[in-house]
Structure formats: C-alpha cells, structure tokens
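Step one of this worksheet: look at the structure below.
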Amino acid sequence: MVRIAIIGGGPTGASAAIELAKIKNSEVILVERRVFPRDRPGETLHPGIESLLKQLGVYEQIERLNPIRPKGIHTYHRGKENFAFYGGEENPQWQGFQILRRDLDAILLQRARELGTIVLQPQTVRSVIKRNSRVMGVCTDHQEIMCDFVIDGSGGSHWLQRKMKLPVIPLSQTLITHFGYTTENPGVTEQPQFIWNKDNWLWRAEIQPQLYQWTYLPWKSSASNSSYVTRGQKSDVTWRKMHRAAGRGYFAGGDAAFTLDPSSSHGVLKALMSGIMCGYLIQNIALRRIGEDDAIDYYNNWIAAWCETDVGHLQDLYRKMAQWEMCK
Ligand SMILES: Cc1cc2nc3c(=O)[nH]c(=O)nc-3n(C[C@H](O)[C@H](O)[C@H](O)COP(=O)(O)OP(=O)(O)OC[C@H]3O[C@@H](n4cnc5c(N)ncnc54)[C@H](O)[C@@H]3O)c2cc1C
C-alpha cells in the first residue's frame, strides 16, 4: 500500500490526486484549508490546457459551463494596438478559456474525490514529520498523517520549503500585483487586453458575461500611486523558486515549485502539468519502474529547465515592452 499526502486542493494538488488514482493499492489524502467554492485569481487559461482537462476527465464539465473562449490577446504598447492569436496566424482557431477558479478548482477536486481521494477540508497542514532527512508525513490541525510521499501543492506560500527551512530563491526584484473584479465593462471584448507602460502593465479580461477581471503590476515606485493599487487585493508575485522541487519523500508542484508573475500567462497550466508529473513519478516509483532517487533527479531537472526557460521569456518580454531588467 502506498500512502500519499497532498497539501492544497488547487490545480496542482487536485491534478496530482487524479493521476495518483491510477495506483491500485494506494491511499491518497488531500488536505485543503479553505472551504470550496473559494475565489482565486488565475482565470485566463492557456489553450494548451484543453488536452490536460481531457486527460484529467473534467473537460465535459468545463464545456458545460460554456466558458468564453478567447482566440488571442490585444496588446497595447506605445500607443499601438496589436492582436496576436494564441496559435499564431497559421492556427487562429486555437482558443483559451476564461473560467472562474471557484468553478475550475471545485470541479477538479470533486473529480479527485470521485476517484477515491480522501479530502480533508477545511483542515490546515501545520507541521512536517521528518526522519533522517526524509519527509515521512505531515500533521494537520486535527491529525497526524504518516505517508510514503508528500506532494506540496500549497501555492506561492511554499509551505513545505518554509517548514523544512530551505531557502526560497528570489529571481527578480520584489513584485506585488494588485487584482480585482468589476461588472462595469472597461472596453474589453471576448479577447483580453494587455496594456504595457514604462513602469507597469494592466491586464483586463471578461471572465464571464459582464464580469471583468483586472490585474495591475507596477515595478517602479512611480507606478504605485495608481488607483488600481488601492482598489483590489494584492499578491506577492516576485519570481522565485524552491531550492529543490523534490527530495526524499516529497515533490512540490505548481507555484510551490516556482512562482512567476501573471504575465507568464500559464500558471494554471504549469500547476496541472506538474501535478500530473508528481503523480506519475510516484506511481512509477510504486511500480518499481524507476528508483526514487532517479525520479527525484528527473523531476528537479525538469522543473529547473522549465523555470529557466520561463524566466528567459519573461526577461525578454520586459526588455522588449518596458526596457526593464527584472532579474537580479
Ligand atoms: C493576480 C494574479 C493573476 C493570475 N492570473 C493568471 C491567469 O490569468 N492565468 C493563469 O494560468 N495563471 C494566473 N495566475 C497564476 C495562478 O493563479 C497560479 O499559478 C495557480 O493558482 C497555481 O496553482 P497551485 O495549485 O499551484 O496553487 P494555488 O492555486 O495557490 O492553490 C494552493 C492551495 O493550497 C491551499 N493551502 C495552502 N497552504 C495550505 C496548508 N498549509 N494546508 C492546507 N491547504 C493549504 C490553499 O488554500 C490553496 O487552495 C495569476 C496569479 C495572480 C496572483
């Protein structure tokens, strides 16, 4: 019997749980501190997510929500507007999704439940159990869970990393984003808008008919007196990564592994893909198709390469759009 504890019921945790349901002799326990449905930013989803939603068995439910399906993004820069299809001119039919995270996350978690995951909710993971530098389990505010593997899907709080007192490595200057919702149309169509200035950018998208989400990111003090700063909620999106995304007894996925600011535009896709990968590797360790140390090395290299590529793309984006060097 393989026992796995998952911290967090966001897309990382739920997709890992769904993948782990393929192990016959297993017990998967997912701990989520919030009651669902709960709100969370991250509602413009990259078209690449479609095949993942199918793989996870939730695509039909998502389709029934009849989501807005943008074909691309309007970018405004130095007084000029440019529309770019997600799939480029050669594939203009490739469409993203606008989905409320309260819906997406609830559907994914329900799917995990149906496949046998034990969901402890609301419960908070408080401490990690370690023996001889191996993670052996976690304690929630109600119980101790001893297990073979812990998956950290706790998001940008990097819960496991902090508890293990391992460094979270900053990759950019401090970045605080501000976000909120409005029912007044700021002039957005079905295709989101990305407005770049020399010291900030503003993102606006219609996420449901007549419900608009905005995200504002200033990176110089000259942009912090905008009304967007006082209007919404805020979140630390400083680019950062875990020292090691996997080690003896644990794997971390999604934002827990590395966090970038939302202009990277595929945080949820990364969460689903890495959650599936954590589940897949644990499955193969359990079936003795791969040794644990090899799986850990493979995962660390995979995450490190992905993070490096994304940071390179973002760095190029800020250079091009704002002549700004974001990396330290
Ligand atoms: C303003 C903003 C806009 C964004 N826009 C987009 C976008 O348009 N498209 C996109 O793809 N991405 C976007 N992102 C990024 C996206 O939100 C994240 O990449 C994504 O949510 C990561 O998923 P996750 O499952 O790793 O973490 P999360 O979604 O953060 O889920 C983590 C879960 O773990 C739970 N948890 C944490 N600690 C504990 C604990 N100790 N015990 C129990 N439970 C715990 C939390 O309650 C939460 O439910 C945006 C981010 C921000 C801040």
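The values are calculated or read from the model by the stated rules, or taken from the named source; none is laboratory data. Note that this is a predicted model, so its numbers are computed, not measured. We place every Cβ from the backbone using ideal geometry, glycine too, and count neighbours over all the protein chains shown. Side chains included, ligands, DNA and RNA excluded: accessible areas come from the protein's heavy atoms. Shrake-Rupley method; radii C 1.70, N 1.55, O 1.52, S 1.80 Å.
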Discussion item. For residue 65, only one of the following conditions fails: (1) within 16 Å of residue 102 (Cα to Cα); (2) within 6 Å of the ligand (Cβ to nearest atom). What is its number?
Written reply: (2)
Worksheet item: When both residues are 6+ apart or on different chains and their Cβ atoms are under 6 Å apart, which pairs have a first residue that lies in the stretch 255-269 and is within 20 Å of residue 14 (Cβ to Cβ), and a second that is near the ligand (Cβ under 6 Å from one of its atoms) and acidic (Asp, Glu)?
Response: none
Response to the item:
When every residue in the stretch 192-236 that is under 14 Å from residue 324 (Cβ atoms) and of a type in the set (Ser, Thr, Tyr) is compared, the one surrounded by the fewest Cβ atoms within 10 Å (Cβ to Cβ) is 221
Item to complete: Those residues that are part of a strand (DSSP E or B) and either more than 16 Å from the ligand (Cβ to nearest atom) or among the basic types (Lys, Arg) (or both), I need them from the stretch 1-24; list them, please.
Response: 2, 3
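For the stretch 174-209, give me the residue count where each residue is of a type in the set (A, V, I, L, M) and either assigned to a loop (DSSP other than H, G, I, E, B) or farther than 23 Å from residue 69 by Cα (or both). Spell out how you get there, then give the answer.
Let us first name the residues in the stretch 174-209 that are of a type in the set (A, V, I, L, M), namely 175-176, 188, 195, 202, 205, 207.
Now narrow it down to the ones that are either assigned to a loop (DSSP other than H, G, I, E, B) or farther than 23 Å from residue 69 by Cα (or both): 175-176, 188.
Matching residues across the stretch 174-209 total 3.
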Worksheet item: Considering the stretch 292-310 alone, what residues qualify as being of a type in the set (Phe, Trp, Tyr) and either at positive phi or touching a strand residue (DSSP E or B) at 6+ places or on another chain (Cβ under 7 Å) (or both)?
Response: 299
Worksheet item: Name the residues in the stretch 90-113 that are part of a helix (DSSP H, G or I) and of a type in the set (A, V, I, L, M), would you?
Response: 104, 106, 107, 108, 109, 112
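State yes or no: is residue 47 out of contact with any Gly (no Cβ under 6 Å at 6 or more places or on another chain), more than 17 Å from residue 275 (Cβ to Cβ) and either within 15 Å of the ligand (Cβ to nearest atom) or open to solvent by 30 Å² or more (accessible area, probe 1.4 Å) (or both)?
Values: out of contact with any Gly (no Cβ under 6 Å at 6 or more places or on another chain): no; more than 17 Å from residue 275 (Cβ to Cβ): yes; either within 15 Å of the ligand (Cβ to nearest atom) or open to solvent by 30 Å² or more (accessible area, probe 1.4 Å) (or both): yes.
Here the answer is no, as residue 47 does not meet what is asked.
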Discussion item. Pairs needed: first member in the stretch 192-219, free of Cβ contacts under 8 Å to residues at least 24 places away in the same chain; second member anywhere, within 13 Å of the ligand (Cβ to nearest atom) and open to solvent by less than 40 Å² (accessible area, probe 1.4 Å); C-beta distance under 6 Å; at least 6 residues apart or different chains.
Written reply: 204/193; 204/214
Item to complete: Kindly indicate whether any position in the stretch 128-142 is open to solvent by 70 Å² or more (accessible area, probe 1.4 Å), out of contact with any Ser or Thr (no Cβ under 9 Å at 6 or more places or on another chain) and without any contact (Cβ under 8 Å) to a residue 12 or more places away in the chain.
Response: yes
Worksheet, complete the sentence: Residue pairs within 9 Å by beta carbon, gap of at least six or interchain, first lying in the stretch 283-305 and more than 18 Å from residue 243 (Cα to Cα), second of a type in the set (Lys, Arg) and modelled with pLDDT under 95, listed first then second, are 283/22
Discussion item. Would you confirm, using the coordinates I've provided, whether residue 152 is under 30 Å from residue 98 (Cα atoms) and of a type in the set (D, E, K, R)?
Written reply: yes
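Residue by residue, here is whether (1) in a helix (DSSP H, G or I); (2) open to solvent by less than 70 Å² (accessible area, probe 1.4 Å); (3) hydroxyl-bearing (Ser, Thr, Tyr) holds:
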site	(1), (2), (3)
42	no, yes, no
53	yes, yes, no
70	no, yes, no
73	no, yes, no
82	no, no, no
Fill in: Residue list for the stretch 25-34, filter: open to solvent by 10 Å² or more (accessible area, probe 1.4 Å) and within 9 Å of the ligand (Cβ to nearest atom)
32, 33, 34
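Quick check on the stretch 291-298. Is at least one of its residues within 19 Å of the chain's Cα centre (by Cα), part of a helix (DSSP H, G or I) and among the β-branched types (Val, Ile, Thr)?
Quick first cut of the stretch 291-298, residues within 19 Å of the chain's Cα centre (by Cα) only: none.
Looking through the stretch 291-298, none of the residues is within 19 Å of the chain's Cα centre (by Cα), part of a helix (DSSP H, G or I) and among the β-branched types (Val, Ile, Thr).
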Practice prompt. With the condition kept exactly as written, say whether any residue in the stretch 274-284 is surrounded by 19 or more Cβ atoms within 10 Å (Cβ to Cβ), of a type outside the set (Val, Ile, Thr), touching a helix residue (DSSP H, G or I) at 6+ places or on another chain (Cβ under 7 Å) and closer than 30 Å to residue 201 by Cα.
Written response: yes
Worksheet item: Checking residue 63 against (1) part of a helix (DSSP H, G or I); (2) within 22 Å of residue 209 (Cα to Cα); (3) touching a residue at least 12 places away in the same chain (Cβ under 8 Å), which test does it fail?
Response: (3)
